[in-house]
Ligand code: 5RP
């Protein structure tokens, strides 16, 4: 994951095109899941395609066990016949698969568009292998705002003030609450260096978790573009 090359320019993509690319990346990742594995499942529309692909193989995967990062993922997975259990009951996972909002050439991710990034980070860290699935329009030259935040309700006005450029999600911006009942907001200021910003956000009292995922958390990125799939190995060491 050493390349600093900017992502290749994409032709204009319709909503349908993007959906097809999400499905292609998700279906490729579904092939990594085998019976008897313990697998973490992310949240979002790309993961919805993964769930559909796994659901088609529910009989074959009857001894596989899944940890879900959100109530929505748990509900869909169960409805498709997959066995969902608490992460703590499963112990270490062999694999976790999730989407992302942005991926830069160094392998930094922004996650949390769906407000589930705290659970997603815990599940990614609990997995020996963390695979990220994206449509190619998520590949960015530089990480930019917004960076999702999960914020403790207590003193949130002060937390936002301390962060400087940050707001709570309002109006149509969903979700506004995490699965834990904390508030979801976004850091909207400049990112420049993701590592510096990640350290600053982590050090701010009241920030439960931020949506920046370091390259050392990521084992592989599967990106689907109009010309096909690209697979990049990440910096997470194989265990
Ligand atoms: C949810 C996430 C999602 O993985 C991310 O927002 C990408 O979502 P989608 O697959 O719907 O584009 O981090 O918290």
Quiz item: Across the stretch 119-132, what is the number of residues that are within 10 Å of the chain's Cα centre (by Cα) and either near the ligand (Cβ under 8 Å from one of its atoms) or within 13 Å of residue 178 (Cβ to Cβ) (or both)?
Solution: 3
Practice problem: Kindly provide the set of residues from the stretch 82-92 that are part of a loop (DSSP other than H, G, I, E, B) and within 14 Å of residue 41 (Cα to Cα), ordered by number. | Solution: 82, 83, 85, 86, 92
Exercise. Considering each of 143, 133 in turn, give the residue that is in contact with a strand residue (DSSP E or B) (Cβ under 8 Å, 6 or more places away or on another chain) and either surrounded by fewer than 24 Cβ atoms within 10 Å (Cβ to Cβ) or part of a loop (DSSP other than H, G, I, E, B) (or both).
Key: 143
Practice problem: Go through (1) outside any helix (DSSP H, G or I); (2) surrounded by fewer than 20 Cβ atoms within 10 Å (Cβ to Cβ); (3) touching a strand residue (DSSP E or B) at 6+ places or on another chain (Cβ under 6 Å) one by one and return the number of the condition residue 106 breaks. | Solution: (3)
Exercise. Could you check residue 167 against (1) under 19 Å from residue 100 (Cα atoms); (2) part of a strand (DSSP E or B) and say which number it fails?
Key: (1)
Practice problem: Output the residue which, of all residues in the stretch 216-238 that are assigned by TED's automatic domain parsing to the domain that holds residue 126 and within 20 Å of residue 119 (Cα to Cα), is surrounded by the fewest Cβ atoms within 10 Å (Cβ to Cβ). | Solution: 216
Exercise. Mind listing whichever residues of the stretch 190-217 are touching a helix residue (DSSP H, G or I) at 6+ places or on another chain (Cβ under 8 Å) and part of a loop (DSSP other than H, G, I, E, B)?
Key: 191, 204, 205, 206, 211, 214
Exercise. Mind listing whichever residues of the stretch 41-73 are assigned to a loop (DSSP other than H, G, I, E, B), over 12 Å from residue 30 (Cα atoms) and touching a helix residue (DSSP H, G or I) at 6+ places or on another chain (Cβ under 9 Å)?
Key: 42, 43, 44, 64, 69, 70
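The values are calculated or read from the model by the stated rules, or taken from the named source; none is laboratory data. In this text the structure is predicted, and so the values were computed from the model without any measurement. Don't worry about glycine lacking a Cβ; one is built from the backbone with ideal geometry, like all the others, and counts go over all protein chains shown.
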